[in-house]
1. Please list, by residue number, every one of the GluC sites (Glu not before Pro) in region 37-124 that is coil in DSSP and has at most 13 other beta-carbon atoms within 10 Å.
2. So what's the projected area for the chain, the Cα convex hull averaged over all directions, in nm²?
3. Could you work out how far the C-alpha centroid of region 153-189 sits from that of region 103-117, in angstrom?
4. Scan region 55-104 for chymotrypsin sites (Phe, Trp or Tyr not before Pro) in coil per DSSP, keeping those whose Cβ has at most 10 other Cβ atoms within 10 Å, and list them by number.
5. By what distance, in whole Å, do the Cα atoms of region 110-189 stretch along each of the three principal axes, largest value first?
6. For region 1-81, what is the accessible area per residue in Å², given a 1.4 Å probe and the full set of protein chains?
7. Find, among the trypsin sites (Lys or Arg not before Pro) in region 120-189, those assigned to loop by DSSP (not H, G, I, E, B) with at most 16 other beta-carbon atoms within 10 angstrom.
8. Normalising by the residue count of region 1-113, find the relative contact order in percent from Cα pairs under 8 Å and 6+ residues apart.
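The values are calculated or read from the model by the stated rules, or taken from the named source; none is laboratory data. All values reported here derive from a predicted model rather than from experimental measurement. Cβ: placed from backbone, ideal geometry, glycine included. Neighbour counts: every protein chain shown. For accessibility, only protein heavy atoms count, side chains too; no ligands or nucleic acids. Shrake-Rupley method; radii C 1.70, N 1.55, O 1.52, S 1.80 Å.
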Amino acid sequence: LLLTDGDKGSWDLSMTSERLAGIREKEQEAAAKILGVSGVTFLRVPDGELEVNLPLRKEITRLIRLHQPSMVFTHDPWKSYQFHPDHRAAGFLALDAVVAARDHLFYPDQLAEGLSPCRVKEVYLFGTDNPNFWVDISERIELKLQAVRCHESQGLTSQEVQTRIRNRASEVGGAKGYTFGEAFKKIAM
C-alpha cells in the first residue's frame, strides 16, 4: 500500500507533478515485481500532503480487513528528527488502522460490506531509532538493490546511493553477525 503519489520529489525543473506521479507508480510496480509482490494499491494522496485523519484511517482499516495480513510494516512515526511529514503520518495512520481493524465496533459499515475484523499479530517499524528485531538479508541484498534501482526518478540508481545502502546493511547486519541485515522495531499485538 502506497499512500502518496510521489508527485513532488524532483529537482528536474521540466518535470510536472502529473508526469512524476505516473513515473513513480511504474517504478513501484517494477520494484514490486522484482520482489515477488503480487499487487500494489495506490491511494494517490499528493506528496507532502498526507495527514493523519479519520477518512484515511478508515480506508487503511478497510484494506487491512480486506487483505487480512498477519504482519504490517510501516515507518516509525516516533523516529527522532523524522523530517518527512508523509513518513510520520504514514506510520501513525498505519498503527491507528491496525487498532481499528481488529475491533468490530470501528467502522461497522465495513462489516456490513462483508469484511471481517483483522487482528494483525505483528507490526514492524522500519527506519527506527530503537530496533529490537534484526533480519539477515545477506542472501537477498542483491535483490533489494535491484528493486531499489527501479526508483530512477528518486536518484536511487547511482553507484553512490547503492554503496550507501550496501554499507548501511553491512553495518546493521555486522552488529548481529550477519553480512547484511535490516533492523526493525517489532511490536507484538
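1. 49, 51, 113
2. Seen from a random direction, the Cα hull of the chain projects 11.5 nm² on average.
3. 38
4. Loop-located and lightly packed - 81, 83.
5. 51, 32, 23
6. With all protein chains present, region 1-81 gives 63 Å² per residue.
7. In loop regions of region 120-189 (DSSP not H, G, I, E or B), the sparsely surrounded trypsin sites (Lys or Arg not before Pro) are 121, 140, 176.
8. Relative CO of region 1-113 lands at 27 percent.
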